[in-house]
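So the structure is just underneath, and the comments pick up after that.
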Amino acid sequence: MKRVDDFRLKFGKKELVPIMTGGMGVDISTAELALVAARLGGIGHISDAMVPTVSDRRFKTGFVKEKQKKYKYNVANRDKSDVHFNLERLAEATKLHVGRTMEAKQGDGLIFINTMEKLTMNSPRDTLRVRLSTAMDGGIDGITLSAGLHLGSLALVADHPRFRDVKFGIIVSSLRALQLFLRKNARFDRLPDYIIVEGPLAGGHLGFGMDWAQYDLKTIVEEIVRYLKQEGLNIPIIPAGGIFTGSDAVEFLEAGAAAVQVATRFTVTKECGLPDKVKQEYFKAREEDVEVNLLSPTGYPMRMLKKSPGIGSGIRPNCEAYGYLLDGSGNCAYIEAYNRELERHPDADTLSVKDKMCLCTHMRNFDCWTCGHYVYRLKDTSRRLPDGSYELLSAEHVFNDYLCSTEHRIVLPAA
Ligand SMILES: Cc1cc2nc3c(=O)[nH]c(=O)nc-3n(C[C@H](O)[C@H](O)[C@H](O)COP(=O)(O)O)c2cc1C
């Protein structure tokens, strides 16, 4: 019976353990977590979501305070079009985050960064160019383009000296999205180095509509594998979303996948950036506690625990400090929803906004508990302690469990 460890992901001559830990913003997939995956010979993702605030927390910089101070005059203004990121500061924060991670890297694996296009930051092209090129300057091994079609992203860094050295991958949820990406980027004579095919059971935002349940990862992977073969394209395919055991992974590897991307199993590890109290909520979750909703201002459906404290919060938009979801004209669907509630209840002490969430604030504060569909199975991956809580796992334990498991067995941590 095969185990994940019987397979290898090949990038040219380089062979890797075919396990990739997925990018989880905002600093849920920490450097510590990614570094374990790399040390064990796989690929670990960090994320560049809200990197200035991540840098402030990690390296005691003052990027958020500085921006907040500059735009203090605008806090009560409904129009946020004035609020821009200082590109030099954005580069400094990215360089710190990436540089420090790469300096700490050990072992034969790789560190990639997850870069979401939907973080439009009131100046989509300029900010994305800075995020990508600074990550490349900082020595990142690879960049995973996510949360968007990325039709123009490669063009932003095509003249970077490391353009052909850094691995580039794209996350797609359909063959159509992949075809669009390939067509738009054909002129660079540079195919993606890998394609992550993310199905409807993943955590974070979904690349599907609210009819997500009608789709199935295996079918999409098969369709994409068939298409690439037909076109004579040899690009590693990496399925993601609901791959909960090593045996789930083996099924994909036997069907032609080159590796798997996994995330939810790592949310309850010591290295994961979620506060320990929140990790316990993930452990305790039952199937009926999970929902896919349209609260994200991005317009993409998102999966989260119904108990997330950010749901229903009517906090004032925090764009002067954050503002990562402001589109190129300074709009965000949460601002509209908030202002509508403010007009309805001008004298209320606190507001509740039920249809959208201030995602920047609540992801930053770990109050939006996004998770994969199988979060409710996490309780079966650890042991219960006498006080009723669950024992946190080490990332190495979870990684090795994926690597060695057969017959869908999950090894509990040693007592
Ligand atoms: C807590 C959490 C946060 C996530 N955040 C992001 C993100 O910021 N960007 C992204 O592209 N994917 C994100 N994802 C998706 C994962 O990277 C991964 O592809 C997916 O969750 C894999 O499925 P699994 O969680 O069932 O293993 C997130 C997933 C989780 C569980």
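The values are calculated or read from the model by the stated rules, or taken from the named source; none is laboratory data. What you see is a predicted model; the values in this text were computed from it and never measured. All Cβ positions, even for glycine, are placed from backbone atoms using ideal geometry, and neighbour counts span all protein chains on display. Ligands, DNA and RNA are stripped out before the accessible areas are found, and what is left, the full protein with its side chains, is counted by its heavy atoms. Shrake-Rupley method; radii C 1.70, N 1.55, O 1.52, S 1.80 Å.
Conditions tested, residue by residue: (1) assigned to a loop (DSSP other than H, G, I, E, B); (2) within 29 Å of residue 275 (Cα to Cα); (3) open to solvent by 50 Å² or more (accessible area, probe 1.4 Å).
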| residue | (1), (2), (3) |
| --- | --- |
| 23 | yes, yes, no |
| 54 | no, yes, no |
| 57 | no, yes, yes |
| 76 | yes, no, yes |
| 98 | no, yes, no |
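Residues that are touching a residue at least 60 places away in the same chain (Cβ under 8 Å) and acidic (Asp, Glu) were ranked within segment 187-231; the one that is surrounded by the most Cβ atoms within 10 Å (Cβ to Cβ) is 198. For residue 18, the stated conditions hold: it is in contact with a Phe, Trp or Tyr (Cβ under 9 Å, 6 or more places away or on another chain), more than 12 Å from the ligand (Cβ to nearest atom) and under 27 Å from residue 252 (Cβ atoms).
Within segment 364-378, residues that are more than 10 Å from the ligand (Cβ to nearest atom) have Cβ atoms under 9 Å from residues that are of a type in the set (S, T, N, Q) and in a loop (DSSP other than H, G, I, E, B) in these pairs: 364/318; 367/308, counting only partners at least 6 apart in sequence or on another chain. Given the structure, is residue 126 away from the ligand (no atom under 15 Å from the Cβ) and either among the hydrophobic types (A, V, I, L, M, F, W, C) or in contact with a Gly (Cβ under 6 Å, 6 or more places away or on another chain) (or both)? Answer is no for this residue.
Restricting attention to segment 167-211 and to residues that are more than 16 Å from the ligand (Cβ to nearest atom) and among the polar types (S, T, N, Q), the residue that is nearest to residue 239 (Cα to Cα) turns out to be 179.
Screening segment 100-113 for residues that are open to solvent by 10 Å² or more (accessible area, probe 1.4 Å) and touching an Asp or Glu at 6+ places or on another chain (Cβ under 9 Å) and picking the one that is farthest from residue 43 (Cα to Cα) gives 104. Checking each residue in segment 249-297 for being touching a helix residue (DSSP H, G or I) at 6+ places or on another chain (Cβ under 9 Å), under 21 Å from residue 195 (Cα atoms) and more than 9 Å from the ligand (Cβ to nearest atom) picks out 249, 250, 251, 252, 253, 255, 256, 257, 259. Across segment 120-141, the qualifying residues are those that are within 20 Å of residue 82 (Cβ to Cβ) and of a type in the set (Ser, Thr, Tyr), and the one among them that is farthest from the chain's Cα centre (by Cα) is 123. Residue-level check: of (1) more than 15 Å from the ligand (Cβ to nearest atom); (2) touching a helix residue (DSSP H, G or I) at 6+ places or on another chain (Cβ under 8 Å); (3) at positive phi, residue 232 misses just (2).
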